[in-house]
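Student: Take a look at this one; I'll ask things after.
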Amino acid sequence: MVGGTLPTKLPDTYIIELEYEKSKYEINDKEIFNSYEVGHLIKLKLVKNLDKNKNIIRYDLFKLK
């Protein structure tokens with residue numbers, strides 16, 4: 001189509017790919033994608049340390065947009 005715009009569609013996927021401390025991860029969660037719209041902010045807490053009771057001691061917080 002010359003001079004026009006082709007229709008666009010978001011892919012049918014629920015996967016977020018990320019790299020953290022030189023390791024690659026995939027998050028596949030349909031609930032996350034169904035509850036957020038394009039342009040909304042998603043906060044991702046990546047846990048660095050847990051205590052013996054599995055309580056979070058240290059984490060990094062990232063904001064995905």
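The values are calculated or read from the model by the stated rules, or taken from the named source; none is laboratory data. Being a predicted model, the structure only gives us computed values, none of them experimental. Every residue, glycine as well, gets a Cβ built from its backbone with ideal geometry; the counts of neighbours run over all protein chains shown. Areas reflect the complete protein model, heavy atoms only, side chains present, ligands, DNA and RNA absent. Shrake-Rupley method; radii C 1.70, N 1.55, O 1.52, S 1.80 Å.
Student: Among the residues of the range 1-24, what is the count of those that are open to solvent by less than 80 Å² (accessible area, probe 1.4 Å), at pLDDT below 80 and of a type in the set (Gly, Ala, Ser)?
Tutor: At the first step, the residues of the range 1-24 found to be open to solvent by less than 80 Å² (accessible area, probe 1.4 Å) are 4, 13-16, 18, 20, 23.
Add one more test, that the residue is at pLDDT below 80, and what stays is 4, 13-16, 18, 20.
Now narrow it down to the ones that are of a type in the set (Gly, Ala, Ser): 4.
Going through the range 1-24 one residue at a time, the tally reaches 1.
Student: Among all residue pairs at least 6 apart or on different chains, which show Cβ distances below 7 Å where the first residue, located in the range 25-49, is farther than 14 Å from residue 15 by Cα and open to solvent by 80 Å² or more (accessible area, probe 1.4 Å) and the second is small (Gly, Ala, Ser) and in a strand (DSSP E or B)?
Tutor: Taking only residues 6 or more apart or on different chains, not a single pair turns up.
Student: Still on this structure: Are there any pairs with C-beta distances below 6 angstrom linking a residue in the range 7-23 that is within 20 Å of residue 42 (Cα to Cα) and part of a strand (DSSP E or B) to a residue that is at pLDDT 65 or above and hydroxyl-bearing (Ser, Thr, Tyr), with the two at least 6 apart or on different chains, and if so which?
Tutor: Pairs found: 18/25.
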